[in-house]
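Everything on this sheet refers to the single structure shown next.
Taken together, the values in this text are just the output of simple stated rules run on the coordinates, not laboratory data. All of these numbers come straight from a predicted model, not from anything done at the bench. Backbone-built Cβ (ideal geometry, glycine too); neighbour counts: all protein chains shown.
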Amino acid sequence: MIRGVLFDLGGVVLDSPLHAIARFEAEQGIPAGFVNRVVVEAGPGGAWSRLERGELSLEAFFEAFSGECAAAGQPLPARLLMERIGEASAPRPLMLEAVARIRARGLRAGALTNNWPCPGEEDGTRALRDHFDAFVESCRLGMRKPDPRIYRHACRELGVAPGEAAFLDDIGRNLKPARELGMATIRVAEPQGALEELEVLLGFPLR
């Protein structure tokens with residue numbers, strides 16, 4: 001039985017940063033998928049991962065990530081990239097309605113996001129906090145998806161066992177550890193289809 005649902009933010013509750021990155025690559029004449037390839041190949045020690053664990057400030061990230069991209073053969077303006085991602089982070093009303101319906105049924109709803117600190121600015125997530133029973137951010141914990149520890153932490157914050165939780169994310173590699181812990185997982189390509197899957201799991205309408 002599902003007692004709690006965890007939602008990624010960007011690409012699930014908010015519009016997808018992957019779409020913003022794809023538009024940025026097209027705009028800048030950068031090969032499609034280049035940014036993601038640099039992030040993945042740099043691994044846990046890369047600038048993107050360190051930013052999302054709160055180990056780099058945004059200013060330090062700009063220089064570090066630009067350097068990684070240049071080393072991979074494609075210089076790019078990292079500051080502009082992050083501005084484009086920020087501009088695209090609009091809430092998805094369908095998802096917020098689903099969160100509200102889940103909580104109205106007495107189930108728990110939480111956010112589990114890889115994000116970065118934006119000192120002195122509204123980062124697009126703070127306004128969402130009141131929608132959730134738990135709000136788990138990578139940059140505050142010093143760990144990020146797909147580290148299994150962050151999923152366990154999120155379940156503890158939500159007050160459910162992993163086997164009692166469902167998790168929605170738009171990135172496949174972030175779903176695998178959740179599945180291995182016993183969570184039901186849904187990959188989000190677009191809100192309607194994902195919510196249909198979640199309705200089947202929960203047994204009540206979310207739209």
Just report the Cα centroid separation between the stretch 180-196 and the stretch 42-69, whole Å. 28 Å
Using a ≥ b ≥ c from the Cα gyration tensor of the chain (square roots of the eigenvalues), is it rounded, prolate or oblate, where a/c under 1.5 gives rounded and otherwise the larger of a/b and b/c decides, a/b for prolate? prolate
Stretchable slack from R207 to R103, in nm (0.36 nm times residue separation minus alpha-carbon distance): 36.1 nm
On C-alpha positions alone, give me the angle between the axis of helix 93-104 and the longest principal axis of the chain, in degrees, nearest 10. 40 degrees
Nitroxide proxy distance, nm - points 7 Å out along Cα→Cβ at R187 and E63: 3.8 nm
Over all alpha-carbon pairs of the stretch 89-159, lay out the pair-distance distribution in 10 Å bins, whole %, shortest bin first. 18, 48, 31, 2
Using alpha carbons only, how many degrees (0 to 90, rounded to 10) separate the axis of helix 17-28 from the longest principal axis of the chain? 20 degrees
Please compute the net charge surrounding R103, taking Lys and Arg as +1 and Asp and Glu as -1 over other residues with Cβ under 13 Å from its Cβ. +1
Choice from I102, I21, I30 with maximal GNM fluctuation in the chain (Cα, 10 Å cutoff): I30
With each label point set 7 Å from Cα along the Cα-Cβ vector, what nm distance links L141 and E27? 3.1 nm
Per DSSP H run of n ≥ 4, the term is -39500 (n - 2.57); total these for the chain, divide by its residue number, and report the mean residue ellipticity at 222 nm rounded to 500 deg cm²/dmol. -14000 deg cm²/dmol
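Excluding the sites themselves, what is the longest stretch of the chain that contains no GluC sites (Glu not before Pro) in a DSSP loop with at most 15 other C-beta atoms within 10 Å?
It works out to 123-207.
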Over the stretch 17-87, what is the relative contact order in whole percent, taking alpha-carbon pairs under 8 Å and six or more residues apart? 29 percent
Would you mind checking the tilt of helix 148-158 against the longest principal axis of the Cα atoms of the chain, expressed as 0 to 90 degrees and rounded to 10? 40 degrees
